[in-house]
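The values are calculated or read from the model by the stated rules, or taken from the named source; none is laboratory data. Just so we're clear, the structure is a prediction, and the values are computed from it rather than from any experiment. Glycine also receives a Cβ, built like all others from the backbone with ideal geometry; neighbour counts cover every protein chain displayed. For the accessible areas, the whole protein counts, side chains as well, though only heavy atoms, and no ligand, DNA or RNA atoms are used. Shrake-Rupley method; radii C 1.70, N 1.55, O 1.52, S 1.80 Å.
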Amino acid sequence: MNFLPSHLRHTCLFILFFLLFQGFALAGSIHGVVQSNDLRIVGATVRILELDRMMHTDSNGEFTFPQVPSGTYHIFVRSLGYASTTSVIQVRDGTAEVSFSLKASAIPGEDVVVSASPYARMESDQYQPVATKDAVELHQSSGSTFSEEIDDIPGVAARYNAAAPTRPILRGLGNNEVLVLENGLHMGDLATFDPAHATPIEMDEVQEVDIVRGPAAIFYGPNTIGGLVNVITNTIPMASSKTVSGNASVTGNSVNDQYSGHFNTVWSDGSSALGISAGGMHSDNISIPSATYTDPGTSQTFQLDTMPQSFIHTTEEGIGYSYQSDFGMIGVGVKHYYSNYGITGDPVDLTQQAPGPTTSRITQEKYTVELKGLFEVGGSFINQIKLNANTTDYMHSEFPTILQSDSTVTDSVQNSFHLNGYNATVQFIEQRMGNWQGTLGIWSDIENVSMGGPQPLGPNSLTTGLAGYAFEEYLASENTRIQGAIRFDRNNISTFASPNSPIPAFVNFNETRTSNALTGSFGIIQKLTSEITGSINIGRSFRAPTMQELFSTGPDDASQSSMIGDSNLVPETSTGIDLLLTGRFSNFTFSFSPYINFIHDYIYSYNTGIQDTINQPSYAYRKFAQDSSARVYGYEVSATAQLMEHLALTVSSDYVNAQDVSRDTALPTTPPLRGILRLNYLDNTYSGMIEWRLVSAQNRLGDGDFYTAGYGVVNLGFGVRLFSGEIAHNISIHCDNLLNKLYYNNLSAIGSFLPQPARGFRVAYNVTF
């Protein structure tokens, strides 16, 4: 595996050359204290937004950021049980002092999102609807994957397929219309290729998840028509004043006999940091209410109390290093991930040769090298240069279950994938000029995919993307901020001959598709009162068809279909309009966001109902096609009222109407009307929650959908946060599906056959030091 491809090496050399001819600002430090009514707060999160540096207060409620370049910074502080706050501070060549006095609140404090603009900002300062959850909040949410643990956020749902392949859906759009990132970079995986493909991420290593709803093409390019989910990990450590810091967690879940653990430890001398991490998860089949279930595809019945072949086993190891000084910071991280998980279906029935078992398993292995830099230039035009890049080596193999004539069960590789990916972004943060501030960016992405196995699903291919963009903001008044952005993308997909392919059509297969796109956005944020803010954002985005949609062919055991691509597909484009109204009072907060998204040349897949009689196994054909237009509109709303000092009530709801206008039919996997009623207790030590999740019936059915009745599910949780010196212990106990409700989810790939998980008890312990 190459450490860096040539285009990334050239980028790094350019930055180093540029820096040699720039003057650097002097470095100082920031020291502060966080308290509430003269009580020092231990373990509070403190962030420098402009530098995206974070640490926690010590046993005296104090914090120190060393090696801070001179300038003006926003310091953000958040702690459970208190309202969050921000302060502006000037840093010169000495130590800048700052103090924070937090107010107790049962309403979760506003948080910072790093994925919606070039700068880390609070949620209320973003042009689009955004949300974020940190590690503690994720552990306190229902489910066992990051997708499940964010689907209580309005506008966010999870496409369920047992545990491993579960993937987020934003505003009714998923797969290639929603981009899932790690640390702002492409995962370098093939999770959108098939509903059975998983996102290769170790759940317990996730430190934060950012969600941007609506088109987000300016900074991240194609595949963001519906929005993006950025999973943030500590692959590259940050230097701090603490000699040893980090976190560790262990989790158990009765619904699948899961046990998992992960640790991340950082050694730092204030200028450099060395971090190591490791973890893994082992879970068995997922429990469901015991009953007799009928597979509608085969009409065969089964007495089941678990989802067959829904296990998952993972491991992860990583090491990273960073150095920071008056020039900024530079860091590198290396990580290895492996998983072996099952794809559920009909269980093995040794008494019956036909239709036989339909389960399979998949193995994933990924190596990642990540590079990150923040360079303080201090020039008359460019103030900072940000570098974010990675290279990935991803391998994926599928093993369908085979029932032998002697009634033994075996599996062997049917198809495999090998992807080498390279993704890089360089941002030039402009010096503020009066009321103007902006960012210029260069983005590139390369994916080299090889198909293998006895039944490869497509030709070998190379996909390249290159883009440049500009984002500018204008402070029209103290209460009005305007942004405008433009981006140009060039995308190319080329297939190449595969002389050793067992599929004759791929031996000399050479095709090329090139597409160019101009996208942009325009937004206004208006502070209506000191508590209420309104915004509007209009964005145009695009998505080029993938190799799979263009050229795939052959049987796919994981999805139980035989795929047919369409080489005549053209890129999708969309125009989205977001409105957002938020209010944050001392004892009440609310957010309301209606939206509409027009998608042109919409790409979809559908089951033809025709059986494949050429290939074995023989599945029904699933074909990719394109319509002239689709439309998605809906709303997201949430309101929280503090009933007493530590008790709050939250009511939230979302609705999506997704229509294929050309065919006058609903788009598939569209969430029905949903709502949550949650009573929450929160102080700096204890937390408690009882919630009632309500989902209406879904009878607006698209291709491959099935009717689901409405349902309500009750979840219960309790948490405690204890301190021992500078060490924070977070313990949570939750019960998902408290009443053991048997219900079906229309977003589930197996929902026409199997219900959602049964009652499960989760215990999580997280320690931060």
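Data table
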{"quantity": "All-pairs alpha carbon distance profile, the chain, 10 Å steps from 0, percent", "calculated": "3, 14, 25, 28, 20, 9, 2, 0"}
{"quantity": "Flagged links, alpha-carbon separation over 29 Å, of LYS133/LYS335; LYS133/LYS372; LYS103/LYS242; LYS242/LYS366; LYS103/LYS386", "calculated": "LYS242/LYS366; LYS103/LYS386"}
{"quantity": "Two-site label geometry, ILE276 and ASP257: point separation in nm, points 7 Å out along Cα→Cβ", "calculated": "3.2"}
{"quantity": "Computed accessible area, SER498, all protein chains, 1.4 angstrom probe, square angstrom", "calculated": "10"}
{"quantity": "Residue-by-residue Karplus 3J(HN,Hα) for the stretch 579-594, coefficients 6.51, -1.76, 1.60, Hz, glycine and proline x", "calculated": "10, 9, 10, 10, x, 9, 9, 5, 10, 7, 9, 8, 8, 9, 9, x"}
{"quantity": "Cα long-axis angle, helix 6-20 against the chain (0 to 90 degrees, to the nearest 10)", "calculated": "0"}
{"quantity": "Nonlocal amide H pairs with THR669, under 5 Å, H built at 1.01 Å", "calculated": "GLY702"}
{"quantity": "For the stretch 584-629 versus the stretch 76-102, the gap between their alpha-carbon centres in whole angstrom", "calculated": "44"}
{"quantity": "Calculated FRET efficiency for the pair ALA505/GLN526, C-beta based, R₀ 56 Å, to 0.05", "calculated": "0.50"}
{"quantity": "Extension gain from SER618 to ASN479, taking 0.36 nm per residue of separation minus the Cα-Cα distance", "calculated": "43.7 nm"}
{"quantity": "Segments 561-573, 234-246 sorted - mean Cβ within 10 Å per residue, highest first", "calculated": "234-246, 561-573"}
{"quantity": "Mean separation of Cα contacts under 8 Å, 6 or more apart, over the residue count of the chain: relative contact order %", "calculated": "11"}
{"quantity": "The stretch 664-736 and the stretch 492-517: distance between their alpha carbon centers, rounded to Å", "calculated": "44"}
{"quantity": "Per residue, in Å², the accessible surface of the chain once ligands and nucleic acids are set aside, probe 1.4 Å", "calculated": "37"}
{"quantity": "Helix-only [θ]222 nm of the chain, DSSP H runs n ≥ 4, -39500 (n - 2.57) each, per residue, nearest 500", "calculated": "-1000 deg cm²/dmol"}
{"quantity": "J(HN,Hα) series, the stretch 538-553, from Karplus relation 6.51 cos²θ - 1.76 cosθ + 1.60, nearest Hz, glycine and proline x", "calculated": "10, x, 10, 9, 8, 8, 7, x, 7, 4, 4, 5, 7, 10, 5, 7"}
{"quantity": "Per-selection Rg to Rh, the stretch 708-769 - Cα, Kirkwood hydrodynamic radius", "calculated": "1.20"}
{"quantity": "Mean Cα-pair separation over length for the stretch 669-769, i.e. relative contact order, pairs under 8 Å, 6 or more apart, %", "calculated": "23"}
{"quantity": "LEU738 accessible area, 1.4 Å probe, all protein chains in place, Å² to nearest 10", "calculated": "50"}
{"quantity": "THR363/ALA291 FRET efficiency (R0 35 Å; Cβ-Cβ; nearest 0.05)", "calculated": "0.65"}
{"quantity": "Accessible area in the full protein assembly, largest first, 1.4 Å probe, for MET644, MET54, MET395, MET547", "calculated": "MET644, MET54, MET395, MET547"}
{"quantity": "For the stretch 205-268, the fraction of alpha-carbon pairs in successive 10 Å shells from zero, as %", "calculated": "17, 29, 27, 26, 1"}
{"quantity": "Using a Förster distance of 30 Å, the FRET efficiency for SER629-GLN303 (Cβ separation, nearest 0.05)", "calculated": "0.05"}
{"quantity": "Filtered trypsin sites (Lys or Arg not before Pro), the stretch 74-105: DSSP coil and at most 13 other beta carbons within 10 Å", "calculated": "ARG92, LYS103"}
{"quantity": "Label-point separation, MET644 to GLU317 (7 Å along Cα→Cβ), nm", "calculated": "5.3"}
{"quantity": "The stretch 88-128, relative contact order [Cα under 8 Å, separation at least 6], %", "calculated": "23"}
{"quantity": "Chain lengthening between GLU97 and PHE585 when straightened (0.36 nm per residue, less Cα-Cα)", "calculated": "172.8 nm"}
{"quantity": "Solvent-accessible surface (1.4 angstrom probe) belonging to TRP267, in square angstrom, nearest 10", "calculated": "120"}
{"quantity": "Average projected area [Cα convex hull, the stretch 463-523], square nanometres", "calculated": "5.8"}
{"quantity": "Accessible area of the chain belonging to carbon and sulfur atoms, whole % at 1.4 Å probe", "calculated": "57"}
{"quantity": "Summed side-chain charge close to SER70 - residues other than SER70 whose Cβ falls under 11 Å, Lys, Arg +1, Asp, Glu -1", "calculated": "-2"}
{"quantity": "Using θ = phi - 60° and Karplus 6.51 cos²θ - 1.76 cosθ + 1.60, couplings along the stretch 87-103 (whole Hz; Gly, Pro as x)", "calculated": "9, 9, 9, 9, 10, 10, 9, x, 9, 8, 9, 8, 9, 10, 10, 8, 9"}
{"quantity": "Separation of alpha-carbon centers, the stretch 231-297 and the stretch 119-152, rounded to whole Å", "calculated": "17"}
